[in-house]
Amino acid sequence: MSERILIADDDEVSRQLFAETLEQEGYRVDRAQSGDEALSLLRDELYELLIIDVRMPGMTGLEVTRILHEKNSSLPIIVMTAFGSIETAIEAIHEGAFDFISKPMNLEELKKTVSRALAQRAFRDRARKSEEENRDGDQPGTIIGKSTAMVEIYKTVARVAPTRSAVLILGESGTGKELIARAIHQHSPRARGPFVAVDCGALTETLLESELFGHVRGAFTGAMADKRGVFEEAEGGTCFLDEIGNISLNMQAKLLRVLQEHEVRRVGGKDWMKVDVRVVAATNQNLAELVRKGNFRQDLYYRLNVVAIHLPPLRQRLEDIPLLTHHFLKRYSQESGKSITGISDKCMELLCGYSWPGNIRELENVIEQAVALSNQPVFTPDDLPAAVRDRAASRFAHNLPQSEQFLFADTPTLEEVKKRYVLHVLKNAQGNISQTARVLNIDRRSFYRMLARYEVEPFFKHE
């Protein structure tokens, strides 16, 4: 670690104890005896974190916190005091502090709080850098989307990334589960460690066991040498287990031990080895239903499902389709050396009207194919595959009961498609505002604003 921390405390013993504790963790620590000295050092030097006592001669820690916060400083501040109270804690947070801790403090608590504060700062810095890079051009692997559902997912990633908690990502195939897993890793304290992914559904039980846990020489026919498993390879980083719902009950029991005991044993080996790995799992199956049927262990389900992230299918992210389309168009046009600069309105209407059973992966494939075959600077409907053109009349042509299908025979504008769909869902919900908002994945206030924009009178079912 090379993060630089400033500790401001008028008590020499506390100042020295906290500094030595954090220096043992690898941080570079400077010390100040007062609020004025802390501000002076902060003007002249760069720090990643400030830890400051509330009561000091002259300027108090809360006053220093207020000054730094008013300057819109991104510096996280941890406020500490021997006179802890709810009023002091609330005031500290109100003035912009990252956290509040009381003296005498548990040194392990101090280290954990410092780690969380630095992880949050690193996350903000990487997010800001990513945003700046994306202004110049989207990068491969970028998560695209500004819909309400995606914004909520971004918030969840931001909250869970700095922690050690296991994460379960749920969603249909092609919705971008691995991208979310990588985002969690990249914005976590483990970002410098490895990210190792394995598709649990693509391997037999024997091969999967060897892939996850490794094996020793002679463990089975063909085992000519010792082999490290995924958990060993991911030491200090993140292990992404895709299609976790496909593993056998026998493998589930072995995986449960890894999550509980943080140790693995290679196939054919005798020794257990400690591993420090964060597990992020994903599946397109309903694990709760598998648990009910006895096909998935309930204890493993709870271990994996500490934090769940539900990725919506593309058909429920209508407003993100143009963003994704332009993103893929730009990437594949650059890769192919073609000057395809845009998409006709009619073409975009067809893309937004299609149900996308293959989700983002299918959309990417369609755009890549269209770029490869098109000789025009602007996409037209003729550049799209026949399946998309022919079935775009129904956004929900796949995987929905006939009663819920949304059909239109004319060629409305994109805004008209949105309006018709909103009214279609509202009608199916029999005028129930809350139910309609849930299906649309928006809050009630946003839904009322949408109805006002479409000039629809809210004479609906009372709730």
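The values are calculated or read from the model by the stated rules, or taken from the named source; none is laboratory data. Source: prediction; values computed, not measured. Cβ sites come from the backbone with ideal geometry, for glycine too, and all protein chains shown count toward neighbours.
Go through the residues of the range 275-286 one by one and say whether even a single one is within 22 Å of residue 210 (Cα to Cα) and either assigned to a helix (DSSP H, G or I) or aromatic (Phe, Trp, Tyr) (or both).
no
Out of 104, 76, which single residue is at pLDDT 70 or above, under 23 Å from the mean Cα position of the chain (by Cα) and not acidic (Asp, Glu)?
76 is the lone residue from the list that is at pLDDT 70 or above, under 23 Å from the mean Cα position of the chain (by Cα) and not acidic (Asp, Glu).
Being among the polar types (S, T, N, Q) and in a helix (DSSP H, G or I) is the filter; apply it to the range 293-318 and report the residue that is surrounded by the fewest Cβ atoms within 10 Å (Cβ to Cβ).
It comes out as 298.
With 161, 197, 149, 89 as the choices, which residue is among the aliphatic types (A, V, I, L, M) and at pLDDT below 80?
89
Hey, can you tell me all the residues within the range 8-42 that are buried (at least 17 other Cβ atoms within 10 Å of the Cβ), hydrophobic (A, V, I, L, M, F, W, C), assigned to a helix (DSSP H, G or I) and in contact with an Asp or Glu (Cβ under 9 Å, 6 or more places away or on another chain)?
Within the range 8-42, 18, 19 meet the criteria.
Provide a single number: the residues in the range 426-438 that are buried (at least 18 other Cβ atoms within 10 Å of the Cβ) and in a helix (DSSP H, G or I).
So the count comes out to 4.
From the list 351, 290, 363, 329, pick out the single residue that is in contact (Cβ under 8 Å) with a residue 24 or more places away in the chain, part of a helix (DSSP H, G or I), among the hydrophobic types (A, V, I, L, M, F, W, C) and not assigned by TED's automatic domain parsing to the domain that holds residue 419.
290
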